[in-house]
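Worksheet: one structure, shown below.
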Amino acid sequence: MDLRKAWEEQAARWLDWARAPKHDSFWAYSGSFFNDIVPDGLGLVLDLGCGEGRVSRLLAESAQHVIAIDSSPTLIREARAADLQSVYLVGDATRLPFESESFRTVVAYNSLMDLNDVPAGVAEATRVLKTGGLFCICILHPVGDVGRFPNEDEDAPFMIDDYYKSQLYEQCHERDGLQMTFNSWHHPLSHYTDSLQASGLLIDRIKEPLPDYEALGRRQWPRAERIPMFMFIRAVKP
């Protein structure tokens, strides 16, 4: 499956989904990501796999300057229209059009699992990071994205099958009149940590956050109080 093509095909739905106020999990988790993972004094920052730009817009509030890149022309066009302050480029995360050691911070919020070649993407992020720079990552938790609940009961058991196998998956969601199909890779956690190690990065922090229902305004995902939905990783280029 060509994930770049899949995201471009879903671009219109993603715009509605992502920009509906407090509609998806971003509103319950991004606060923790920015408070606990993203450093103060970002300097020049790269948003890797920026989508329609909601992470970039938040980064622009504290960074000196944001450059964002995504493979979807539609999402980049919409990101530019919503944010005249930052620079948005159509491009490939595994072949970044930047000189080495250009950025103080690289952010990849829910984008690494959409790359067909995670090691290549991590290597490119490392290349464009300045020495001492930080790579701030959010991924779907490798346990959560491969497991299943057998029914809709809140206390239903969680079942995992074939955790170690890297595999493409498709999930269709419908909520509050909006529909979205997500196509991504499942990888075991070691696939990501091995990629960081191979690129010479050192893991500085790992968090498995709980949803912030106060920020969301309601208790939306009770199962996420039992099984982590996301994992945050921060790595430094020594």
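Where a number appears in this text, it was derived from the coordinates with a stated rule and is not lab data. In this text the structure is predicted, and so the values were computed from the model without any measurement. Glycine also receives a Cβ, built like all others from the backbone with ideal geometry; neighbour counts cover every protein chain displayed.
Mean separation of Cα pairs under 8 Å and 6+ residues apart, divided by the residue count of the chain: what relative contact order is that in percent? Relative contact order comes out at 21 percent.
Rounded to the nearest Hz, the phi-derived 3J(HN,Hα) couplings of the range 33-41 under the Karplus curve 6.51 cos²θ - 1.76 cosθ + 1.60 (θ = phi - 60°) are 4, 6, 7, 9, 10, 7, x, 6, x, where x marks glycine and proline.
According to the square roots a ≥ b ≥ c of the eigenvalues of the Cα gyration tensor, what is the shape class of the range 41-109, taking rounded for a/c under 1.5, prolate for a/b larger than b/c otherwise, and oblate for the remainder? Here the range 41-109 falls in the oblate category.
Using 30 Å as the Cα-Cα cut-off, could you pick out the over-long pairs in Lys22/Lys207; Lys22/Lys237; Lys207/Lys237? With Cα atoms farther than 30 Å apart: Lys22/Lys237. Taking springs between alpha-carbon atoms closer than 10 angstrom, which of Val87, Val118, Val106 fluctuates most in the Gaussian network model of the chain? Looking only at Val87, Val118, Val106, the biggest GNM fluctuation is shown by Val87. The percentage of C-alpha pairs in the chain whose separation is greater than 34 Å is 10%. Normalised by 2.2 N^0.38 Å, where N is the number of residues, the alpha-carbon radius of gyration of the range 4-83 equals 1.10. Distance between the 7 Å Cα→Cβ label points at Arg219 and Thr193: 3.3 nm. Full extension of the chain between Arg19 and Gln167 gives 50.4 nm of extra length, using 0.36 nm per residue less the Cα-Cα distance. One chain, two ends: Ala81 and Met1. Fully extended at 0.36 nm per residue, the span grows by 25.9 nm beyond their Cα-Cα distance.
Local charge for Val55 was computed over the other residues whose Cβ lies under 12 Å away, with Lys and Arg +1 and Asp and Glu -1, and equals -3.
Each of Lys165, Lys130 was scored by other Cβ atoms within 10 Å of its Cβ. Arranged with the fewest first, they read Lys165, Lys130.
Relative contact order for the range 148-198 using alpha-carbon pairs under 8 Å, separation at least 6, rounded to a whole percent? Rounded, it is 27 percent for the range 148-198.
Free of any GluC sites (Glu not before Pro) that DSSP assigns to a loop and that have at most 15 other C-beta atoms within 10 Å, the longest stretch within the chain is 155-238. Evaluating 6.51 cos²θ - 1.76 cosθ + 1.60 at θ = phi - 60° for every residue in the range 147-164, the Karplus couplings come out as x, 9, 9, x, 8, 8, 5, 4, 9, 4, x, 9, 10, 10, 9, 6, 4, 6 Hz, glycine and proline recorded as x.
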